[in-house]
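A.B. asks: Encoded as structure tokens, here's the structure I'll be asking about.
The values are calculated or read from the model by the stated rules, or taken from the named source; none is laboratory data. In this text the structure is predicted, and so the values were computed from the model without any measurement. Cβ sites come from the backbone with ideal geometry, for glycine too, and all protein chains shown count toward neighbours. These area figures cover heavy atoms from the full protein model, side chains too; ligands, DNA and RNA do not enter into them. Shrake-Rupley method; radii C 1.70, N 1.55, O 1.52, S 1.80 Å.
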Amino acid sequence: MNTKVGNNLINGIKEVIVTRDQMEKKVKELGRKISEDYTGKELVVIGVLKGAVVFFSDLIRRISLPVTTDFISVSSYGDSANSSGNVRLKKDIEIDIRGKDVLVVEDIIDTGLTLKYIKDLLLERNARSVAICSALDKPSRRDKDIGITVQYTGFQIPDEFVVGYGLDYAEKYRNLEDVCVLSPEVYGKN
């Protein structure tokens, strides 16, 4: 199957599982809920680079409160389709979060290992609270022993390798407007 970005066809896509319109509607809903939950609080929204940039940008424009923003970058994949299981901090936040409510915005939650690392790091820095908002969630892949709770979820998806709406494979496909299942032939899983 091919999908389009603008007027260009993109090869290697098996199927679209979340359309741009579906995501836009969900982001509005999440922004409204987050705004209600954090009224009267000092909210810091931290985006997880690079995959969450598109979702993060859409989401913060739908939060009707003053927010402070920052970014963090961690790695557990590299150029692979499978997590290495080792989380490495690549870019740290630059603001002080002591005593503040923090919302971590992630593109997708798979095993939960990366988010556990980030949440523990932020709590060690004395954030008042740390909540998680993810565009996509693969609960079937979650390591139950990690104990990660996702407060705000866009869509639960099946255990497929997805790209688009900021998600990548080897730094490609982030620019797709829809969330798409990548054909296994592309990433070598036959």
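A.B. asks: What percentage of the solvent-accessible surface of the chain, computed with a 1.4 Å probe over protein heavy atoms, is contributed by carbon and sulfur atoms?
C.D. replies: Of the solvent-accessible surface of the chain, carbon and sulfur hold 44 percent.
A.B. asks: Could you report the chain's accessible area per residue, 1.4 Å probe, as an integer in Å²? Show your work: numbers first, answer last.
C.D. replies: Working: 9780 Å² over 190 residues.
Accessible area per residue, the chain: 51 Å².
A.B. asks: Could you pull out every residue, at least 5 positions away or on a different chain, whose amide H is within less than 5 Å of the one on Glu15? Hs are placed 1.01 Å off N in the peptide plane, and Pro or chain starts have none.
C.D. replies: Answer set, sorted by chain and number: Val181.
A.B. asks: Using only Cα atoms, what Kirkwood radius does the chain have, in angstroms?
C.D. replies: 17.0
A.B. asks: Here's something else I'd like to know. So, by mean Cβ neighbours within 10 angstrom, what's the order for 109-117, 18-26 with the highest one leading?
C.D. replies: Going by the mean number of other Cβ atoms within 10 Å, highest first, we get 109-117, 18-26.
A.B. asks: Then there's this: Would you please put 48-58, 166-176 in order of how densely packed they are, using the mean number of other Cβ atoms within 10 angstrom per residue and starting with the highest?
C.D. replies: 48-58, 166-176
A.B. asks: From the cross-link list Lys14/Lys91; Lys25/Lys91; Lys14/Lys172; Lys25/Lys119, which pairs have alpha carbons spaced over 25 Å apart?
C.D. replies: Pairs exceeding the cut-off: Lys14/Lys91; Lys25/Lys91; Lys25/Lys119.
A.B. asks: Here is a further query. To the nearest 10 degrees, how steep is helix 113-124 against the longest Cα principal axis of the chain, on a 0 to 90 scale?
C.D. replies: Relative to the chain, helix 113-124 is tipped by roughly 10 degrees.
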